[in-house]
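Each remark here refers to the structure printed beneath this line.
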Amino acid sequence: MFADMMRISRSIFPLLAILTLWYCNEPATVQQPLIFGDLYMRFLQETGQIKAEASFFEGDSLSSAQPKELTGGVSFLGSGMESRRIGDRLLRYQYIGNGQFPEKPVFVVRGEADGEYRFETNMVPVDSFSADTTLSKSAPYRIRLNGMPLQAEESLVLLFSDGAGKAWPVTLLGPLDGPDIVLTPEQLAPLAVGRGQLYLVKKQRKEIEEGLYSVLLVVEYYTKSQDLVIVD
C-alpha cells in the first residue's frame with residue numbers, strides 16, 4: 001500500500017512541476033487601453049446651421065485617459081472634420097455647415113490598426129410647436145408639439161425668457177406619449193411679466209460600445225423662437 005502511494009506521488013509531482021512551469025511562462029494577457037469618445041451634434045432651425053464636434057481620450061479609465069488623435073481622421077455625414085488642440089487636455093474635431101436636419105447623424109472614425117467604426121443614431125425633431133402668444137401665470141399653459149413624442153433616451157427643454165430678460169428652463173424627460181404639454185401655474189411662477197420668448201430644445205443621449213470604443217453621442221435640435229407676452 002505504501003509502495004503504491006509512493007509510485008503515485010512520484011508520477012504526480014513531476015506533472016505538477018511541468019504545469020507550474022508552463023503557467024509561469026505563459027505570457028500575460030495585455031489589456032488594451034479603451035478609447036472614450038464624446039460626439040455632439042447641434043441643429044438650429046432658425047438658420048439651418050449644423051454643428052458637430054468629436055473628442056477622443058485613451059486610457060484604462062475615463063478619469064486617467066489622455067487626449068487621442070485618430071490618424072485616419074473623423075468624418076461627419078461624409079465630410080472630414082477639422083481637428084484643433086485646445087490647451088493640453090483636449091483635441092477636438094469640428095464640422096460646421098448648413099442644410100436640413102439629419103435625422104440619422106453619422107460619425108465615422110478611422111484609427112491606426114483598429115479599422116473603421118460608425119457611430120450613428122436616429123432622432124425625429126420637433127418640427128414646430130404651437131402655443132398662445134399670451135402666457136397667463138395664473139392659468140395652465142398648453143404647448144402642442146408637431147413631431148414624434150419623446151423616447152426613453154430623450155428630453156425636451158422649454159426655454160423661456162421673461163420680462164426681466166432672465167432665462168427659465170423647464171425640462172421634461174421621456175418617454176412622453178402625447179403631443180400636448182401643460183405647464184402649471186407653479187411651474188410658471190418664476191417668470192417676470194412683460195415681453196418674452198419661448199423656444200424648445202429636443203435632446204437625445206445615446207451610449208454606444210463598439211470594439212475598444214465607449215462613446216456618448218448627444219444630439220440637440222433647437223426650434224425657432226416664439227414671442228410671448230407674460231401677464232399675471
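The values are calculated or read from the model by the stated rules, or taken from the named source; none is laboratory data. Note that the coordinates shown come from a computational prediction; the quantities given were computed from them, not determined experimentally. For neighbour counting, all protein chains shown are included, and Cβ atoms are generated from backbone atoms with ideal geometry for every residue, glycine included.
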Apart from one, (1) surrounded by 12 or more Cβ atoms within 10 Å (Cβ to Cβ); (2) more than 23 Å from SER55 (Cα to Cα) all hold for LEU217; the odd one out is (2)
Of the listed residues (LEU200, LEU191, LEU228), the one being at pLDDT 95 or above, crowded, with 19+ Cβ neighbours inside 10 Å and out of contact with any Asp or Glu (no Cβ under 9 Å at 6 or more places or on another chain) is LEU200
| Flag for VAL170 being in contact with a Pro (Cβ under 6 Å, 6 or more places away or on another chain), aliphatic (A, V, I, L, M) and farther than 23 Å from LEU217 by Cβ | no
The residue from GLY78, GLY73, GLY99 that alone is surrounded by 15 or more Cβ atoms within 10 Å (Cβ to Cβ) and either farther than 15 Å from TYR40 by Cβ or modelled with pLDDT under 95 (or both) is GLY73
Checked region 100-113 for anything without any contact (Cβ under 8 Å) to a residue 60 or more places away in the chain, in contact with a strand residue (DSSP E or B) (Cβ under 6 Å, 6 or more places away or on another chain) and not basic (Lys, Arg); matches are VAL106, VAL108
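Which one of THR184, THR223, THR171 is within 16 Å of LYS137 (Cβ to Cβ) and of a type in the set (Ser, Thr, Tyr)?
Selected residue: THR184, the only one of THR184, THR223, THR171 that is within 16 Å of LYS137 (Cβ to Cβ) and of a type in the set (Ser, Thr, Tyr).
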Wholly inside region 121-232, strands (runs of 3 or more DSSP E) that include 2 or more residues that are over 28 Å from ASP38 (Cα atoms) and of a type in the set (Lys, Arg) are 141-146
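Can you go through GLU153, GLU116 and tell me which one is out of contact with any Leu (no Cβ under 8 Å at 6 or more places or on another chain), among the acidic types (Asp, Glu) and assigned by TED's automatic domain parsing to the domain that holds LEU39?
GLU116
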